[in-house]
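To start, the structure itself, in structure tokens.
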Amino acid sequence: MSFNKCILVGNLTADPELKRSTSGVSVCSFNIAVNRKFNKDEVDFITIVAWRQQAEFVWRYFKKGQAILVCGQIQTRSYTDKQGNKRTAVEVVADE
């Protein structure tokens, strides 16, 4: 049995971007800055991806600097950049 769920509270580092997939599905990517629990001077920047209704909601109602709570799953994916280097992306796919 496995369990992959995270809850993050942070502030948006920029306005969310809304795009459409090739099949026309809404997708919104944004980054949030999350302070660490024991050292408030340290910040982690987390990439969030929201799909469909959640994507439209975030894009419509949230702007740079606003606080946001995100529940989702951590996901990794591999890709090759323009220079031909293999890269790994870690992001949270939002459920709520």
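The values are calculated or read from the model by the stated rules, or taken from the named source; none is laboratory data. Note that the coordinates shown come from a computational prediction; the quantities given were computed from them, not determined experimentally. Cβ: placed from backbone, ideal geometry, glycine included. Neighbour counts: every protein chain shown. Heads up: the accessible areas ignore ligands, DNA and RNA and are worked out on the full protein's heavy atoms, side chains in. Shrake-Rupley method; radii C 1.70, N 1.55, O 1.52, S 1.80 Å.
Residues that are part of a loop (DSSP other than H, G, I, E, B) and of a type in the set (S, T, N, Q) were ranked within the range 1-12; the one that is least open to solvent (accessible area, probe 1.4 Å) is N4. Restricting attention to the range 38-71 and to residues that are in contact (Cβ under 8 Å) with a residue 60 or more places away in the chain and touching a Cys at 6+ places or on another chain (Cβ under 9 Å), the residue that is surrounded by the most Cβ atoms within 10 Å (Cβ to Cβ) turns out to be V70. Does the range 21-30 include one or more residues that are exposed (fewer than 11 other Cβ atoms within 10 Å of the Cβ) and within 21 Å of N4 (Cα to Cα)? No: zero hits.
Given the criteria touching a Lys or Arg at 6+ places or on another chain (Cβ under 9 Å), among the charged types (D, E, K, R), open to solvent by 50 Å² or more (accessible area, probe 1.4 Å) and assigned to a strand (DSSP E or B), does D15 qualify?
In short, no.
Does A14 count as of a type in the set (G, A, S), at pLDDT below 95 and within 13 Å of the chain's Cα centre (by Cα)? Against the criterion (of a type in the set (G, A, S), at pLDDT below 95 and within 13 Å of the chain's Cα centre (by Cα)), A14 does not qualify.
Looking only at the range 77-96, filter to residues that are open to solvent by 80 Å² or more (accessible area, probe 1.4 Å) and under 12 Å from the mean Cα position of the chain (by Cα); which one of those is nearest to N31 (Cα to Cα)?
Across the range 77-96, the extreme among qualifying residues is V90.
Cβ separations smaller than 7 Å between residues 6+ apart or across chains give the following pairs from the range 72-87 residues that are hydrophobic (A, V, I, L, M, F, W, C) to residues that are part of a loop (DSSP other than H, G, I, E, B): I74/N4. Of all the residues in the range 18-38, those that are of a type outside the set (S, T, N, Q), in a strand (DSSP E or B), over 11 Å from the mean Cα position of the chain (by Cα) and over 14 Å from V70 (Cα atoms) number 3.
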